[in-house]
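Input: a single structure, listed below in structure tokens.
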Amino acid sequence: MQLRTLLGLYRESDHSLIPAPARMRERVSGSSRSTGIVLDEQTLGARSELRGVLSSWARLVAEGSGAPGPYDSEVGALVQFLRAQLDWLAGHPAAVDFDDEVRRLLEDLGGLFGPGPVKRFALGECPEPGCGGLLHGVMRGGGGPTPGHVSCDAGHALPPHQWLSVAGRMREHAA
């Protein structure tokens with residue numbers, strides 16, 4: 001399901017918000033200037049665009065179908081609402097536009113993770129209740145000992161804060 005994959009990529013982009021430091025910098029005496037938090041503008045833009053597009057479609061569905069809209073504007077709630085209303089959306093004259101916009105959002109978010117050689121490896125059964133899909137880790141060439149993405153073949157993405165639950169399985173493939 002494309003909406004579920006979109007949500008997984010959105011959640012995965014959390015760790016792309018802070019760009020990797022280009023190099024270590026030495027603090028110079030007398031320099032007390034603080035730069036604050038620096039966020040990756042491309043990631044922020046893609047995430048903002050996603051939220052705006054999904055909010056717009058949720059508003060159209062709620063107004064057109066009479067269904068109570070999502071309880072908040074969090075991306076997970078928007079995706080859940082739109083998935084529940086897919087039958088209504090499929091019958092709407094703008095259904096093709098919805099599909100096109102979801103595909104474009106998938107491309108935009110997928111592009112945040114950049115091209116490059118990857119190694120995909122199985123990590124066992126997906127921990128999502130009732131799923132039964134196979135969980136995979138994806139490691140970029142030269143990307144270090146941890147994967148850049150963990151998801152199952154049914155589209156569930158495992159967020160980085162849950163990677164410890166499969167860390168033992170990852171270690172086998174990191175070597």
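Suppose the filter is open to solvent by 50 Å² or more (accessible area, probe 1.4 Å), of a type in the set (K, R) and at pLDDT below 90; does R103 pass it?
Judged against the criteria, R103 is a match.
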Out of curiosity, is P19 part of a loop (DSSP other than H, G, I, E, B), open to solvent by 50 Å² or more (accessible area, probe 1.4 Å), modelled with pLDDT under 90 and under 27 Å from V150 (Cα atoms)?
yes
Restricting segment 67-89 to residues that are over 17 Å from L6 (Cβ atoms) and at pLDDT 90 or above, which is most open to solvent (accessible area, probe 1.4 Å)?
D87
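Yes/no per residue for (1) modelled with pLDDT of 60 or more; (2) within 15 Å of H15 (Cβ to Cβ); (3) in a loop (DSSP other than H, G, I, E, B); (4) β-branched (V, I, T):
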| site | (1), (2), (3), (4) |
| --- | --- |
| P127 | yes, no, yes, no |
| V138 | yes, yes, no, yes |
| P147 | yes, yes, yes, no |
| V150 | yes, yes, no, yes |
Long-range neighbours under 8 Å by Cβ, at least six apart or interchain, first residue of a type outside the set (A, V, I, L, M, F, W, C) within segment 49-65, second surrounded by fewer than 15 Cβ atoms within 10 Å (Cβ to Cβ) and in a helix (DSSP H, G or I)
none
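The values are calculated or read from the model by the stated rules, or taken from the named source; none is laboratory data. Keep in mind the model is a prediction, meaning the values are calculated, not measured. Cβ: placed from backbone, ideal geometry, glycine included. Neighbour counts: every protein chain shown. The area values use the complete protein model at the heavy-atom level, side chains included, leaving out ligands, DNA and RNA. Shrake-Rupley method; radii C 1.70, N 1.55, O 1.52, S 1.80 Å.
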